[in-house]
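Structure, as structure tokens:
The values are calculated or read from the model by the stated rules, or taken from the named source; none is laboratory data. Please read all numbers here as calculations on a predicted model, not as lab measurements. Cβ atoms come from the backbone with ideal geometry, glycine included; neighbour counts cover every protein chain shown.
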Amino acid sequence: MVQLVQPTRWHAGLVGNFASRELKSRFKGSVLGWGWSLINPLATLAVYSLVFGFFLKFPPPVAGNGHLKNFSIYLFTALVLWNFFFAVVTGSMGALIGAGPLLRKIYFPPWTPIAGSAIAALAQTGIELGLLIVVYIAVGNISWTVVFVPILLALLVAFSLGLGFVLALLNAKLRDVNYLVQVGLNLLFYACPIIYPIAKVQEVVHNHPWARIYYWNPLTQFIEANRDVLYDLRAPSLGRMAYLTIVSLVVLFAGWAYFERGSRDVSEEL
Amino acid sequence: MTGELRPAIEIRGVTKKFRLYTDRKTNLKEAITSRRRTRHEDFYALRDVTLDVALGKTFGLIGHNGSGKSTLLKLIAGIHRPTTGTVTAHGRVSAMLELGAGFHPELSGRDNVFLNGAILGMSRKQVAAAMDSIIEFSGLEEFIDTPVKVYSSGMYVRLGFAIAVNLDPEILIIDEVIAVGDEEFQRRCFDHLHGLRRRGVTIVLVSHSLGLVQTLCDEVAWLDRGELRDVGAAGHVTQAYLREVNEAELHGQNDATASDVFAESSRQGTHEIVITRVEFLGPDGREGNRLIAGENARFRIHYAAREPVERPVVGIGIYTENDTYVTGDHMRLHGLDIGTVTGDGYVDVEFDALGLNPGSYLVTAAITDWSLAHQYDLWDHAFELRVRPGAAPEYHGLVRLDAKWIATVRATR
């Protein structure tokens, strides 16, 4: 049964410590330190912009302010969410395995390192989102719809964490899961309208029954919603928000319930 | 309800079953291809163990290797769950089971202290308050802000122990770890443990050193192949245990000698050449770990060299069960140089008249290089030696010195 945690100060302290442990160790020993947290995504952005925007000439739609038409910004609006999803899903698996030596030594709830790694990922995403919003302000494409961003992010946290719980536990039992997920994420990246506008897909497979799967993919919906509020400056449709809310909460609670049941003896598996 | 009456740890009918996979599948291919042939055997690490650890007492667990001592500690610490039965610990448990296993190599010692504190349920403020005493206790002032990956194993242990004992535990669990570290640090550990005892901290410890258990513990539980054999006053239970181990050896029921019981945990060295066995030969030249005070005795130290080793030095040390160092000796002191050795052989130490008085002793045996600086093999406090009374009527103290009494009586005329 779903057991709700009562987060105590103990849990909060643990999650905080795991998050800070991850953040502190991330760029230890590097000269640029936190600079890398921006250089990395910007480099990816530059490559995609060059290949898909410049060489392949994917046309970005006109933004909500009526004149902005920039592929890099259009791309980054989606990439920020993808990066977070990717970091939480892969980070969860790493966090549980990484906490193995500790879990064999002393008892603490095994979900805390996973939550800690999600918070560390959130810090990174906060920086990227902040940069993105600054850019939107600079180009004069901003509206009240920006208030949806934290809501979308919160829902994405729930969705990613729920999935992260399940995958972390599966991976503890069977180490293939990690590799399988890497492959899956690679495919998923291109199965979401990140580097190309969703309109391209609609042109090609408009009424194909399989296209439904594409549209109902929660990540597609997250990305479209984020583009709604930041690029197109309009509120996402009620149906889209309702769908995302339901899916995220179901995934979070299902993932949590599975993890709670399965993780009691996880110290013997690590 | 008074705090005095409630035990700190209640263990009720605890059984722990582990599945031993002949070849555990941790990858998908194996899981799919050999689904039907999942072989596992059930292994009972503990069977129906019930005992209470009284509040504020120091409690020892003894038994052979594989008797379930460490499993029981892990259950008390909450790391594993019992298969059936319940384990309840009333209070904050601080466990010291694996040395420094909880450290993140890239983080500094200080950050690791905070992480460990958070696991024990302490706030940042509480940890910060204990920080100075942790640093002082570990003796790592200069290194506390360097990543722990550069620490030596001794530094790991010291920091780990300093954290476990200084973060204000209510129940402290120690698994055979104090034996590590230098003499001076060990002494500080013991002093600190005594201090914690006085403050009413409940301590549960596993040790192969019966001397240590007898000195430190109020009560002792004896586990034998996962079952509780005996529990009670420390002296009583350790003696019963010793008696059985000695008897088992005399009757040859067990290929493990009494010596083996104490071994394993206290072994160190690089092992190019190893000590395979130590025999104590009595006046009749027969083996047995009982020698007779004042009569001929030999310690026979068997070695096996895995590769040619130049000029090894074999040495022994004799300790009382309370860890008083009685005496030590080695080949080089007597100018015995056996050159380069390969294969196996043995070295005898012969005493014409054994100067040890009757009692129980623990013998350390070691092989080092000629400089004594490099340890090939060390069995620390590993061999139990019993000395029985001989013909001489009376004994005082630990040793008998080879002395003559000469009286010069001046008579006045």
Expected single match for within 14 Å of chain B (Cβ to nearest Cβ), under 17 Å from residue A:259 (Cα atoms) and in contact (Cβ under 8 Å) with a residue 12 or more places away in the chain among A:157, A:181, A:177 is A:177
Across segment B:330-359, the tally of residues that are part of a strand (DSSP E or B) and surrounded by 11 or more Cβ atoms within 10 Å (Cβ to Cβ) stands at 13
Test: residue A:132 is more than 15 Å from the chain's Cα centre (by Cα) and closer than 23 Å to residue A:192 by Cα: yes
Across (1) within 19 Å of the chain's Cα centre (by Cα); (2) in contact (Cβ under 8 Å) with a residue 60 or more places away in the chain, residue A:76 clears everything bar (2)
Taking segment B:184-210 and keeping only residues that are over 26 Å from residue B:324 (Cβ atoms) and surrounded by fewer than 22 Cβ atoms within 10 Å (Cβ to Cβ), one is left with B:199, B:200
Here the residues within segment A:206-231 that are surrounded by 21 or more Cβ atoms within 10 Å (Cβ to Cβ) and touching a residue at least 60 places away in the same chain (Cβ under 8 Å) are A:222, A:223, A:225, A:226, A:227, A:228, A:229, A:230, A:231
Tell me, yes or no, whether segment A:96-107 has at least one residue that is among the charged types (D, E, K, R) and surrounded by 21 or more Cβ atoms within 10 Å (Cβ to Cβ).
yes
**Prompt:** Is there a residue being modelled with pLDDT of 85 or more, away from chain B (no Cβ under 14 Å) and within 28 Å of residue A:94 (Cα to Cα) anywhere in segment A:47-59?
**Reply:** yes
Subset of segment B:55-81, residues small (Gly, Ala, Ser) and at pLDDT 90 or above, comes to B:60
Checked A:33, A:64 against criteria (farther than 24 Å from residue A:117 by Cα and of a type in the set (Gly, Ala, Ser)); the one match is A:64
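Residues B:101, B:95, B:128, B:162: which one is at pLDDT below 85, closer than 29 Å to residue B:200 by Cβ and surrounded by fewer than 19 Cβ atoms within 10 Å (Cβ to Cβ)? Reasoning before the result, please.
Working: B:95 fails: surrounded by fewer than 19 Cβ atoms within 10 Å (Cβ to Cβ); B:128 fails: at pLDDT below 85; B:162 fails: surrounded by fewer than 19 Cβ atoms within 10 Å (Cβ to Cβ).
The match here is B:101.
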Screening A:166, A:177, A:181 for residues that are over 20 Å from residue A:83 (Cβ atoms) and under 16 Å from the mean Cα position of the chain (by Cα) leaves only A:166
Discussion item. Scan segment A:75-92 and tell me whether some residue there is surrounded by fewer than 16 Cβ atoms within 10 Å (Cβ to Cβ) and over 23 Å from residue A:183 (Cα atoms).
Written reply: no
By my count, strands (runs of 3 or more DSSP E) wholly in segment B:47-122 with at least 2 residues that are among the hydrophobic types (A, V, I, L, M, F, W, C) and within 8 Å of chain A (Cβ to nearest Cβ) are B:93-96
The residue that is surrounded by the most Cβ atoms within 10 Å (Cβ to Cβ), considering only those in segment B:361-403 that are assigned to a strand (DSSP E or B) and more than 17 Å from the chain's Cα centre (by Cα), is B:367
For segment A:176-205 the number of residues that are surrounded by 14 or more Cβ atoms within 10 Å (Cβ to Cβ), more than 18 Å from residue A:41 (Cα to Cα) and among the aromatic types (Phe, Trp, Tyr) is 0
The condition of being surrounded by 15 or more Cβ atoms within 10 Å (Cβ to Cβ), at pLDDT below 85 and outside the structural domain of residue B:55 (by TED's automatic domain parsing) holds, among B:213, B:245, only for B:245
Filtering segment B:1-26 for residues that are among the hydroxyl-bearing types (Ser, Thr, Tyr) and at pLDDT 70 or above leaves a count of 1
If you go through A:13, A:29, the only one that is more than 23 Å from the chain's Cα centre (by Cα), loosely packed, with under 12 Cβ neighbours inside 10 Å and facing chain B (nearest Cβ under 9 Å) is A:29
Residues of segment B:123-151 being closer than 22 Å to residue A:16 by Cα, in a helix (DSSP H, G or I), more than 8 Å from every other protein chain (Cβ to nearest Cβ) and of a type in the set (D, E, K, R), in sequence order, are B:125
Quick check on segment B:311-318. Is at least one of its residues of a type in the set (Lys, Arg), more than 12 Å from residue B:299 (Cβ to Cβ) and outside any loop (DSSP other than H, G, I, E, B)? no
